[in-house]
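Data first, discussion second: the structure below is written as structure tokens.
The values are calculated or read from the model by the stated rules, or taken from the named source; none is laboratory data. The structure displayed is predicted, hence computed values, not measured ones. When we count neighbours, we look across all protein chains shown, and the Cβ atoms used for this are built from the backbone with ideal geometry, even at glycine. Surface accessibility is based on the protein's heavy atoms, side chains included, excluding ligands, DNA and RNA. Shrake-Rupley method; radii C 1.70, N 1.55, O 1.52, S 1.80 Å.
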Amino acid sequence: EELLQGVESTDLIVLPEMFNTGNSMNPESLAEIRGLQTSKWMTQMAQRFDAAVVGSFITKDREGFSNRLYFVEPSGNYVFYDKVHLFSHAGEDVSYIPGRKKVVHSFRGWKLCFQICYDLRFPEFFRNHWVITSKVFVNINKFLNSLDIFYTHILGNFNGIGTPRCNHRGSRTNK
């Protein structure tokens, strides 16, 4: 909340991947059942700033643990997207269940398609949406600074499709 105090007028507030806990391969101690606490906070922020708020956090449901992106509108309406391409080198494929579907959502005249971090490496999954439906890809991630610079250069303005992204700063843990 402290970091959001400087926000004046915007349509979209983008938070990093797993913004409320940091990256973890031990979701048992960090997961929220259906994300009730964090999604409630995101709704409050969306209403306070009259802007959509997007970010991901660890959730638990009947199937297991997910890295779930929530997109919350000021009205309280929301959509969610579960990370499809889990990063096996870090053990995500062992700790989390993959999502199964793309999510495209309209907000204030924009068609948004959501991705989380490693999903970016699999353009075939999103290819049809690039050309047909989406104008903005929202990719939240936890890239290190050097990767963020690389992806900013490569994706900064890819064929006129916007790619707002947010990454964390600080140390990376795998705990």
- [ ] Please indicate, with yes or no, whether at least one residue in the range 100-107 is open to solvent by 20 Å² or more (accessible area, probe 1.4 Å), closer than 27 Å to Ser9 by Cβ and modelled with pLDDT under 90.
- [x] yes
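For the range 40-50, state whether one or more residues are in a loop (DSSP other than H, G, I, E, B) and either in contact with a strand residue (DSSP E or B) (Cβ under 8 Å, 6 or more places away or on another chain) or surrounded by 18 or more Cβ atoms within 10 Å (Cβ to Cβ) (or both). Lay out the reasoning, then the answer.
Taking the range 40-50 first, the residues in a loop (DSSP other than H, G, I, E, B) are 50.
If we keep only those that are either in contact with a strand residue (DSSP E or B) (Cβ under 8 Å, 6 or more places away or on another chain) or surrounded by 18 or more Cβ atoms within 10 Å (Cβ to Cβ) (or both) as well, we get none.
Within the range 40-50, not a single residue is in a loop (DSSP other than H, G, I, E, B) and either in contact with a strand residue (DSSP E or B) (Cβ under 8 Å, 6 or more places away or on another chain) or surrounded by 18 or more Cβ atoms within 10 Å (Cβ to Cβ) (or both).
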TODO: Find all pairs meeting these conditions: Cβ atoms under 6 angstrom apart; at least six residues apart or on different chains; first residue within the range 98-119 and in contact (Cβ under 8 Å) with a residue 40 or more places away in the chain; second residue open to solvent by 60 Å² or more (accessible area, probe 1.4 Å) and not basic (Lys, Arg).
DONE: Arg108/Asp11
Open item on the list: Of all residues being part of a helix (DSSP H, G or I) and touching a residue at least 40 places away in the same chain (Cβ under 8 Å) in the range 1-39, which is surrounded by the most Cβ atoms within 10 Å (Cβ to Cβ)? Just the residue, please.
Closed with: Pro27
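What are the residues in the range 72-96 that are part of a loop (DSSP other than H, G, I, E, B), open to solvent by 50 Å² or more (accessible area, probe 1.4 Å) and of a type outside the set (Gly, Ala, Ser), if any?
Filtering the range 72-96 for residues part of a loop (DSSP other than H, G, I, E, B) gives 73-77, 83-87, 91, 96.
With the extra rule that they be open to solvent by 50 Å² or more (accessible area, probe 1.4 Å), the set shrinks to 75, 77, 87.
The answer is Asn77, Phe87.
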